Amino acid sequence: MQTFKFMHRNLTIVLFFIFPISQLCAQQSYSPFLEELQTADWLIQPVNQKAGVYYTADKKGIILYNGLTKRTFTLAPGFACIDYKNMSNGQQLLRSVQPEAKLTIDDSAYNVGGLYGQTENAYLLPSWINSFTTNNAGFVYKNFSVSDMQPFLNWKCTTWAFNKKQATGKMLTIYFEGNREAVKNITVEIKYEIYDGLPLITKSLVIKNNSNKAVKLNRVINEVLGVVEEGSAVVGSEEKMAKQHGIYIESNYAFNNSMNYNESDQTTHWQKDTTYTSQVNYNLTTPCLLQVYAENAPGIALQPGETFHSIRTNELLLDSYDRERRGLMVQQMYRTVAPWTTQNPIFMHLVSKNDEEVYNAIDQCAATGYEALILSFGSHCKMEDTSAANIQHWKKIAGYAHSKNILIGCYSLFSSRHISDSDDVINPATGKPGGAFFGNAPCYGSKWGLTYRDKIKYFFAQTDFNIWENDGPYPGDICASTTHPGHKDKDDSQWRQMEIQKELYHWLNERGVYINAPDWYILDGTNKLPLGYREANFSLPRDQQKILNRQNIFDGTWEKTPSMGWGFVPLTVYQGGGAEAVLEPLSAHLKDYEQLMMQYYGAGIQACYRGPRLYDNDTTKATVIKVINWYKQHRGILNSSVIHLRRADGRDWDGWMHINPSLKEKALVMLFNPTKEKITRNIKLPLYYAGLNNKASISIMGAPAVTMQLDRSYNISLPVTLNAGEYKWIVIEQNGFNEAHTNQLQHAAGH
C-alpha cells in the first residue's frame with residue numbers, strides 16, 4: 001500500500017491505494033482501493049497523483065485514474081464504460097452504457113463492445129451491470145494491455161519554447177475481434193491515454209484488415225457516450241438546447257480557416273437518444289448522446305493487411321461555467337498534448353525583391369535580438385522551384401542566416417489558386433472544377449498535389465530552411481475525381497487529402513521545422529495560426545489599428561495560448577490605405593511603432609512585422625532593441641495564459657494580465673489609455689490563478705516594488721494613472737518585501 005498527500009490551500013488530504021495494474025507482474029493479481037477525495041486546484045498547484053490503470057475491487061473492471069478524472073470499464077459480462085467522473089467537482093457524466101465505438105463496414109453497421117439491456121437511461125446503477133448482455137453480432141472484447149504513454153509526434157524543438165517536455169501518462173489498449181463472418185478477420189484496438197497532471201483522456205482506434213480482400217470502411221465513430229443532459233426542456237430542439245458543459249471534446253480533424261476550434265471542428269456530434277424514454281423532452285430530442293466521427297470520412301477501401309488509424313479525440317473534463325477558467329483549462333491541454341505550440345520565436349516578415357534585402361534583414365534581425373526571418377508572400381523565394389540552381393541559391397542564404405544565429409523560412413501557397421482542370425478539386429455536384437472552399441483549388445491527391453508535397457520536403461531537406469509559412473492548407477474540399485492518384489473517388493477524397501496534409505506536417509515537425517498555417521492543424525504538428533483579425537483593417541489609420549489590434553488580442557486569447565496566435569503590423573502598405581496606415585518611414589512614426597510592438601510583445605504574441613526593414617536609423621534601432629530586450633527579460637510570464645481585464649473600446653482604459661503560479665513573476669499586467677485625457681483608475685487585479693493568496697509584491701514600469709494585501713477573493717485594487725495615449729506594464733511577484741507605504745504605491749502608479 002502507498003500513501004500520497006494532497007494540499008488544498010490549508011487542507012491536507014491523504015489517499016491510500018494498492019498497486020495499479022501498470023506496476024504489476026504478468027499475473028496482475030492485485031486490485032486497488034481508491035478513495036474519491038477532493039484534490040488541489042490543478043491550475044494552480046501540481047497534482048502529485050500520477051496517471052494509472054487499476055483493477056476494480058472485484059477484479060471485474062478497470063479504472064483509469066489520475067486524481068482528476070476517473071473512468072471505469074467493466075470486463076464482464078462484456079467490455080463497456082460504466083463510470084466517467086470529474087474528481088474536482090464530483091460530477092458524474094455518464095447516464096447510460098453505450099458501445100465503445102461504432103463502425104460501418106461495407107455499408108453494414110457494427111458495434112464495438114458495449115452492453116445491452118439497460119431500460120432506464122436517465123442514470124446507471126452498478127447493480128444493474130451483471131444483468132446486461134453482450135453483443136455477439138459485432139466486435140467482441142478479447143483482452144487488454146497497459147503501457148506508458150508514447151509521444152504522438154517525435155517533435156524536434158529548434159526554437160525557444162515555453163514547454164519542451166512531451167506529455168506523460170499511461171495508455172490502456174483494449175483488443176476486439178469481429179464476431180460475424182463478414183468481419184471475423186478484422187481486429188479493432190481502442191486506445192485510451194490518460195495524462196499526468198490534468199483531467200484529460202485521449203481516445204483513438206486502430207483497425208486492421210487481416211483478411212484476404214479489401215473492405216469499405218464507410219464510417220468510424222470512435223467515441224459514443226450516453227452523457228447526462230445539461231438541462232431539460234419539455235419542448236425544444238436538439239440544435240437549440242444546451243450541451244453538457246462538463247466535457248470538452250477536441251479532435252485532430254478540424255479545418256476551414258476559422259482560426260478557432262469550435263468553428264473548425266468536424267467531428268463532435270451531440271445527438272438525441274430515443275432510447276432515453278424518461279427524459280423531460282416530449283419529443284425525446286435532448287442532445288445527450290455524444291458521438292465523435294468525421295462526417296465525410298473515411299470512406300476508404302481498407303486493403304488486405306492495411307491498418308487504419310482513426311482521429312484522436314481529446315476529452316477534457318471541465319468543472320466550471322466560468323469562461324476564463326474553462327479557457328485556462330483548454331490552454332493547458334494544448335501545452336500538454338501539443339507542446340510544439342509553445343514554441344514562439346521572434347520573427348520578422350520580409351517583403352523581398354532581391355537577395356540584398358534578405359541579407360540586410362538578416363543583419364537587422366541579428367542586431368536587434370530577433371531570432372527568425374520569414375520571407376513573406378510577394379517575396380522572391382519560390383519553394384516550388386527545385387532546380388539545382390535555386391536550391392543552392394537559398395541554401396547559401398540559409399547558411400548566412402544561421403551564421404548569424406537567425407532562423408529562416410518562406411511563404412508558400414497551396415490552396416486558393418487554380419492549377420489545371422485535371423489537378424483541381426472536382427465539384428461532386430457538377431463534375432467540374434470550381435465550387436471548392438476557395439472557389440478553385442488543387443486537390444492534394446492530384447498529381448500536382450502530390451508533387452507539391454514532395455517539392456516542399458525536398459526544399460527543406462536540401463536548403464536547411466527552418467520555418468514554413470503554409471498559406472491555404474487543405475481546407476476539407478471533397479473531390480469527385482476518379483483519376484487522381486492520391487484518392488479513389490469522392491468518398492475517400494477528404495480522408496486521403498487530410499492524410500497527405502498531416503503526413504507533411506508530421507514530417508516537418510519531426511525535422512524541427514516551425515510551421516505557421518492559417519488553419520486548425522495544431523494537433524498534427526503546426527505551431528501557430530492567426531490570432532483572428534480582418535486583413536482590411538490594416539489599411540485603416542494607425543490609431544484605429546492600435547485599438548482593433550488590442551481587441552483582437554483580447555478576443556483571441558480565451559482558448560488559444562499567446563504563442564498559438566500571430567498578429568500583423570504593416571510596416572508598408574498592405575491591402576491599400578494611405579500614409580496614415582503604415583509605419584514607414586519608421587523614425588517618423590516611432591511612438592506608434594513602439595506601442596504596436598509593446599501591445600503584441602506585451603501579450604506574448606508574435607506579429608508579422610511586414611516590410612523591408614526593422615529600423616531606419618539608430619534611434620529606431622535602439623527602440624526595437626529596448627522592446628525586444630524587455631520581452632526576453634519577461635518571456636516566461638508573457639508566454640503564460642492571459643486573464644482578461646477590460647476589452648478595448650476607446651472610451652476608457654483596457655488591458656490584460658498574464659498569470660503563472662510556477663514562475664517567480666506570478667503576473668504581468670498590460671494597461672492602455674486610448675483616450676486623449678489623463679485618467680486615474682482603481683483597477684481590480686484577480687490574482688487567484690497567479691497562485692497568490694496573501695500579499696503581492698508589485699512593480700510598475702520597473703519602479704521599486706511595493707507590497708499589497710490581497711482581499712478574501714484573491715484580488716487587489718491598484719490605483720493607476722495613465723496619461724493620454726499611454727501604456728504601462730506591471731510585474732507582480734510573491735511578496736518578499738516590507739509593507740509598502742501608500743505614497744510609494746501612489747508614486748509608482750503615476751500619481
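Among all positions in the stretch 302-322, there is at least one residue which is open to solvent by less than 10 Å² (accessible area, probe 1.4 Å), of a type in the set (D, E, K, R) and not in a loop (DSSP other than H, G, I, E, B). Test Thr173 against the criterion of being open to solvent by less than 20 Å² (accessible area, probe 1.4 Å), in a strand (DSSP E or B) and more than 28 Å from Thr286 (Cβ to Cβ), and give yes or no. Yes; evaluated as a whole, the condition is true for this residue.
State which residue is most open to solvent (accessible area, probe 1.4 Å) when the search covers only the stretch 75-103 and only residues that are in a strand (DSSP E or B) and touching a Lys or Arg at 6+ places or on another chain (Cβ under 6 Å).
Our first condition is that a residue be in a strand (DSSP E or B); within the stretch 75-103, this holds for 80-86, 92, 94-96, 101-103.
Checking the rest, the ones that are also touching a Lys or Arg at 6+ places or on another chain (Cβ under 6 Å) come to 84-85, 92.
On the way: Tyr84: 2, Lys85: 43, Gln92: 67 Å².
Looking at the filtered set, the residue picked out is Gln92.
On the stretch given as the stretch 641-694, residues that are charged (D, E, K, R) and in contact with a His (Cβ under 7 Å, 6 or more places away or on another chain) total 1. Against the test of being surrounded by fewer than 18 Cβ atoms within 10 Å (Cβ to Cβ), modelled with pLDDT of 95 or more, over 24 Å from the mean Cα position of the chain (by Cα) and not polar (S, T, N, Q), the options Ile683, Ile700, Ile679, Ile628 yield a single qualifying residue, Ile679. The set of residues in the stretch 363-389 being in a loop (DSSP other than H, G, I, E, B), touching a residue at least 24 places away in the same chain (Cβ under 8 Å) and small (Gly, Ala, Ser) consists of Gly369, Ser376, Gly378, Ser379.
Scanning the stretch 508-523 for residues that are open to solvent by 10 Å² or more (accessible area, probe 1.4 Å) and out of contact with any strand residue (DSSP E or B) (no Cβ under 6 Å at 6 or more places or on another chain) gives Glu510, Arg511, Leu523. Taken over the stretch 482-506, the criterion of being more than 28 Å from the chain's Cα centre (by Cα), closer than 20 Å to Ser420 by Cβ and surrounded by fewer than 24 Cβ atoms within 10 Å (Cβ to Cβ) is satisfied by Thr482, Thr483, Pro485, Gly486, Asp489, Lys490.
Of all residues being closer than 19 Å to Gly602 by Cα and out of contact with any strand residue (DSSP E or B) (no Cβ under 7 Å at 6 or more places or on another chain) in the stretch 533-552, which is least open to solvent (accessible area, probe 1.4 Å)? Just the residue, please. Looking at residues that are closer than 19 Å to Gly602 by Cα and out of contact with any strand residue (DSSP E or B) (no Cβ under 7 Å at 6 or more places or on another chain), I get Gln545.
With respect to (1) among the aromatic types (Phe, Trp, Tyr); (2) closer than 25 Å to Gly246 by Cα; (3) open to solvent by less than 30 Å² (accessible area, probe 1.4 Å), the lone exception for Phe139 is condition (2).
Residues that are under 27 Å from the mean Cα position of the chain (by Cα) and of a type in the set (Lys, Arg) within the stretch 334-363 comprise just one, Arg335. Within the bounds of the stretch 417-428, is there any residue that is modelled with pLDDT under 95 and within 17 Å of Asp519 (Cα to Cα)? Checked the stretch 417-428: at least one residue is modelled with pLDDT under 95 and within 17 Å of Asp519 (Cα to Cα). Within the stretch 176-183, one or more residues are free of Cβ contacts under 8 Å to residues at least 12 places away in the same chain, closer than 26 Å to Phe308 by Cα and out of contact with any strand residue (DSSP E or B) (no Cβ under 6 Å at 6 or more places or on another chain). Looking only at the stretch 625-678, residues that are over 29 Å from Ile44 (Cα atoms) and in a loop (DSSP other than H, G, I, E, B) come to 10 in all. Looking only at residues of the stretch 598-618 that are in a loop (DSSP other than H, G, I, E, B) and either among the charged types (D, E, K, R) or under 15 Å from Leu375 (Cβ atoms) (or both), we find that the one that is most open to solvent (accessible area, probe 1.4 Å) is Arg613. Taking the condition of being closer than 21 Å to His644 by Cα and part of a loop (DSSP other than H, G, I, E, B), how many residues in the stretch 688-723 meet it? Matching residues across the stretch 688-723 total 9.
The values are calculated or read from the model by the stated rules, or taken from the named source; none is laboratory data. Predicted model, so just to flag it, every value in this text is computed and none were measured. Using ideal geometry, Cβ is built from the backbone for each residue, glycine included, and neighbour counts are taken over all protein chains shown. For accessibility, only protein heavy atoms count, side chains too; no ligands or nucleic acids. Shrake-Rupley method; radii C 1.70, N 1.55, O 1.52, S 1.80 Å.
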